[in-house]
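Visitor: Sharing a structure, written as structure tokens. Questions coming.
The values are calculated or read from the model by the stated rules, or taken from the named source; none is laboratory data. Source: prediction; values computed, not measured. Glycine also receives a Cβ, built like all others from the backbone with ideal geometry; neighbour counts cover every protein chain displayed.
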Amino acid sequence: MQKPIRILKKINYFWKRSQVPAKGLVKISTIDKLIIFLICIVISIISSYKILLVQTLEVSDVFSWGFTFAEVLFSCGLLILISRKENPNINARQILLIISLLLIVQMIKNIYGSSLSPLSIIVPPALIISQGMGTITALAWISIASLSWPESITNINNNLLFITLICACVVSVLGGKIRSRAQLLQLSIFVPIGALISQWILIGNEEYSLIDNQALFELNGKIFSDSLLLAIIMLIIILFIPIFESIFGLLTKARLMELADKEKPLIRRLSIEAPGTFEHTLLICGLAEEATRMIGGDIDLIKTGSLYHDVGKLHAPNWFIENQDGAKNPHDEIDDPLKSAEILQAHVDQGLKFARKNRLPKPIANFIPEHQGTLKMGYFLNKAEEKKLKFNESDFRYKGPIPQSKETAILMLADGCEAALRAMDINASDYEALETLSKIFDSRQVDGQLNDSNLSKGEIFLIKKSFLNVWKRIRHRRIQYPTTKNNTFS
């Protein structure tokens with residue numbers, strides 16, 4: 001009996017150790033909280049005030065109003081909680097967007113009532129939310145917007161409500177995965193077509209058919225016009241999504257793919273002015289992407305963040321060894337470890353300036369300081385100790401912050417491992433490579449660099465394994481083919 005209990009205790013111990021630590025939420029100022037709360041109050045009033053608009057007000061009506069008011073207010077709070085749970089980095093502006101969309105929808109319901117199809121009211125906002133904040137948040141928003149109807153929905157066809165819910169769910173699920181504007185355009189065409197066919201099947205009367213074009217336009221008054229209006233609104237939303245990205249700081253997958261284009265001015269400059277850094281960036285990108293895929297992270301985010309993490313080196317490319325091509329090292333000429341440390345820190349500071357100038361989204365700009373964290377500048381620290389200079393250890397540490405997400409932590413680890421893996425002998429064994437990786441990983445953990453990254457021990461092991469797999473793929477021998485005067489072999 002003791003053996004099964006001991007085994008269960010061990011399983012429980014390893015399970016607890018492997019769990020992801022709780023991720024701290026982005027702090028929201030008191031003023032923002034107050035604004036959000038007031039908007040939620042307004043939504044609750046708009047959704048419930050019609051209950052009080054009766055000729056003879058009774059106690060039961062007041063209780064009914066109070067219950068509806070509290071229900072909508074609680075739903076707003078639940079929506080905010082779900083959005084922050086899905087994305088701990090969500091900020092006040094993005095929460096305001098979610099709540100404001102709900103407010104607008106409730107106002108439209110009051111103004112137009114049942115004269116406007118719920119398809120045109122519920123589906124388009126779901127596209128914005130799923131693109132910018134995730135599928136789960138979008139589905140939660142749909143549920144609340146569909147249930148909190150300011151007036152009786154008995155005069156709205158139940159089948160139409162069902163079609164609306166299905167279309168909104170499809171948009172939410174696909175919207176969270178779509179990676180290009182072209183796919184968004186396809187979605188804005190196929191969803192209305194699907195809605196049109198569904199309405200014709202579920203709502204249309206049997207005496208009408210698709211052959212009678214006039215009947216199709218007038219069937220129940222709205223079948224064709226509802227779908228056409230939905231298509232028009234979704235197309236308008238797609239046109240305005242870049243504006244929403246800019247105002248509310250949304251980072252959609254389509255935006256990430258656009259930023260990852262190597263013809264973007266900043267990336268193009270890096271490839272021309274700092275080719276060594278650019279090559280180093282591509283290698284790190286390969287390591288980081290594989291590791292992120294292994295743990296189920298945001299691949300598009302880390303791919304784009306990796307490309308921009310070292311753009312600060314553009315301010316002085318020749319001060320970094322990968323760009324020197326065997327030329328004389330400027331650090332040897334100044335022979336001052338403290339100044340050299342300042343130059344290394346400057347590539348982070350200048351990188352943030354480049355990010356602001358080029359309007360990079362904050363999640364991408366975060367890769368610039370966080371991939372270095374507060375690591376020691378070991379080489380120049382040793383130089384200062386050899387010269388017996390007076391200094392503080394903080395003079396030879398990056399300013400940070402340490403990685404605040406899994407993706408920036410993976411990039412830090414990839415940055416540290418890339419050079420070590422490339423320097424290894426081609427005949428080195430997997431065990432030797434794994435030992436080298438473990439030393440780098442352990443040093444980062446002991447130094448506290450991964451404390452805020454939200455990486456579990458199990459994920460750290462998977463990242464190490466993925467780096468080893470990438471190294472095994474890129475190390476290979478080249479066959480030396482013979483050449484003659486007339487023939488060359490490849």
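Visitor: In region 222-267, which residues are among the hydrophobic types (A, V, I, L, M, F, W, C), without any contact (Cβ under 8 Å) to a residue 40 or more places away in the chain and in contact with an Asp or Glu (Cβ under 9 Å, 6 or more places away or on another chain)?
Guide: Scanning region 222-267 gives a single hit, 224.
Visitor: May I pose another question? Quick check on region 339-393: of everything there that is among the aromatic types (Phe, Trp, Tyr) and within 30 Å of residue 253 (Cα to Cα), which residue is surrounded by the fewest Cβ atoms within 10 Å (Cβ to Cβ)?
Guide: So, considering only residues that are among the aromatic types (Phe, Trp, Tyr) and within 30 Å of residue 253 (Cα to Cα), the one surrounded by the fewest Cβ atoms within 10 Å (Cβ to Cβ) is 354.
Visitor: Do you know which residues across region 133-149 are under 24 Å from residue 50 (Cβ atoms), assigned to a helix (DSSP H, G or I) and in contact (Cβ under 8 Å) with a residue 12 or more places away in the chain?
Guide: 141, 142, 144, 145, 146, 147
Visitor: Restricting attention to region 150-199, which residues are in a loop (DSSP other than H, G, I, E, B), modelled with pLDDT of 85 or more and of a type in the set (A, V, I, L, M, F, W, C)?
Guide: The one that is in a loop (DSSP other than H, G, I, E, B), modelled with pLDDT of 85 or more and of a type in the set (A, V, I, L, M, F, W, C): 178.
Visitor: Does region 1-54 hold any residues that are in a loop (DSSP other than H, G, I, E, B), among the polar types (S, T, N, Q) and at pLDDT 60 or above, and which are they?
Guide: If the condition is that a residue be in a loop (DSSP other than H, G, I, E, B), among the polar types (S, T, N, Q) and at pLDDT 60 or above, then 29 is the only one that fits.
To keep it simple, each residue is scored yes or no on (1) of a type in the set (A, V, I, L, M, F, W, C); (2) in contact (Cβ under 8 Å) with a residue 24 or more places away in the chain.
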{"residue": "375", "(1), (2)": "yes, yes"}
{"residue": "380", "(1), (2)": "yes, yes"}
{"residue": "383", "(1), (2)": "no, yes"}
{"residue": "386", "(1), (2)": "no, no"}
{"residue": "389", "(1), (2)": "yes, yes"}
{"residue": "395", "(1), (2)": "no, yes"}
{"residue": "400", "(1), (2)": "no, yes"}
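Visitor: Here is a further query. Search region 394-427 for residues being more than 30 Å from the chain's Cα centre (by Cα) and surrounded by fewer than 21 Cβ atoms within 10 Å (Cβ to Cβ), and hand back the single one that is nearest to residue 297 (Cα to Cα).
Guide: 422
Visitor: Shifting gears a bit: Quick check on this structure: which one of 130, 100, 120 is over 26 Å from the mean Cα position of the chain (by Cα) and either in a helix (DSSP H, G or I) or assigned by TED's automatic domain parsing to the domain that holds residue 38 (or both)?
Guide: Unique residue meeting the criteria: 120.
Visitor: Is it the case that residue 83 is outside any loop (DSSP other than H, G, I, E, B), modelled with pLDDT of 90 or more and either hydrophobic (A, V, I, L, M, F, W, C) or surrounded by 11 or more Cβ atoms within 10 Å (Cβ to Cβ) (or both)?
Guide: yes
Visitor: Could you pull out the residue among 391, 320, 380, 367 that is within 33 Å of the chain's Cα centre (by Cα), more than 30 Å from residue 294 (Cα to Cα) and hydrophobic (A, V, I, L, M, F, W, C)?
Guide: 320
Visitor: Scan region 340-390 for residues that are farther than 30 Å from residue 94 by Cα and hydroxyl-bearing (Ser, Thr, Tyr) and report the count.
Guide: Qualifying residue count, region 340-390: 2.
Visitor: Please go through (1) of a type outside the set (Lys, Arg); (2) farther than 25 Å from residue 398 by Cβ; (3) modelled with pLDDT of 90 or more; (4) over 25 Å from the mean Cα position of the chain (by Cα) for residue 486 and return the number of the only condition it doesn't satisfy.
Guide: (3)
Visitor: For region 294-399, which fully contained helices (runs of 4 or more DSSP H) count at least 3 residues that are in contact with a strand residue (DSSP E or B) (Cβ under 6 Å, 6 or more places away or on another chain) and in the same structural domain as residue 466 (by TED's automatic domain parsing)?
Guide: none
Visitor: Suppose we filter region 303-335 for residues that are farther than 20 Å from residue 353 by Cα and not acidic (Asp, Glu); how many remain?
Guide: 11
So that you can scan it fast, the table gives a plain yes or no per residue for (1) among the β-branched types (Val, Ile, Thr); (2) at pLDDT below 90:
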| residue | (1), (2) |
| --- | --- |
| 248 | no, yes |
| 254 | no, yes |
| 263 | no, no |
| 297 | no, yes |
| 334 | yes, yes |
| 340 | no, yes |
